[in-house]
């Protein structure tokens, strides 16, 4: 599934985040994916977009698009994203792996559950 991305200012982002959390969804502090009126979107907090470079932004967007494609587990979403990203963004995601998942990136590691 393809998605468009939208940048929301701080107030808009917090309003959407609160609405979704009150409906039982988990929402990250910087980005989330959603489907509205049969269209898929990745919503990004404006301050976050302004604080990262294009390769880092691509990591976040690819991770959220993984969720739109039914990959709900966070680590599996990052593995899906790796397949979609260019070399620079792949390296950024691999460098963040331990912080995000509690262990170093291992290309051959498969999810057991």
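Some observations on this one:
- In terms of overall dimensions, the C-alpha atoms belonging to region 36-79 reach 28, 28, 12 Å along their principal axes, ordered largest to smallest.
- Nearest-ten-degree value, helix 87-101 long axis tilted from longest Cα axis of the chain: 90
- C-alpha long axis of helix 54-68 to longest principal axis of the chain, angle in °: 80
- Between the helical axis of 74-84 and the longest alpha-carbon principal axis of the chain there is an angle of about 80 degrees.
- Panel order for 51, 23, 89, by other beta carbons found within 10 Å of each beta carbon, from fewest to most: 23, 51, 89.
- Burial ordering of 35, 61, fewest other beta-carbon atoms within 10 Å first: 35, 61
- The Cα atoms of the chain define a convex hull whose projected area, averaged across directions, is 7.6 nm².
- Shape class for region 1-62, computed from the alpha carbon gyration tensor (a ≥ b ≥ c): oblate, with a/c not under 1.5 and a/b at or below b/c.
- By the count of other C-beta atoms within 10 Å, a proxy for reagent exposure, 96, 43, 36 are ordered fewest to most as 36, 96, 43.
- Stretched out straight at 0.36 nm per residue, the stretch from residue 91 to residue 26 would grow longer than its current Cα-Cα span by 20.8 nm.
- Rounded, prolate or oblate (a/c below 1.5 giving rounded, otherwise prolate when a/b exceeds b/c) for region 55-110 by Cα gyration tensor: oblate
Bear in mind these aren't lab numbers, they're just calculated from the coordinates by the rules spelled out. Since this is a predicted model, take the numbers as computed values, not measurements. Glycine gets a Cβ as well: all are built from the backbone with ideal geometry, and neighbour counts include every protein chain shown.
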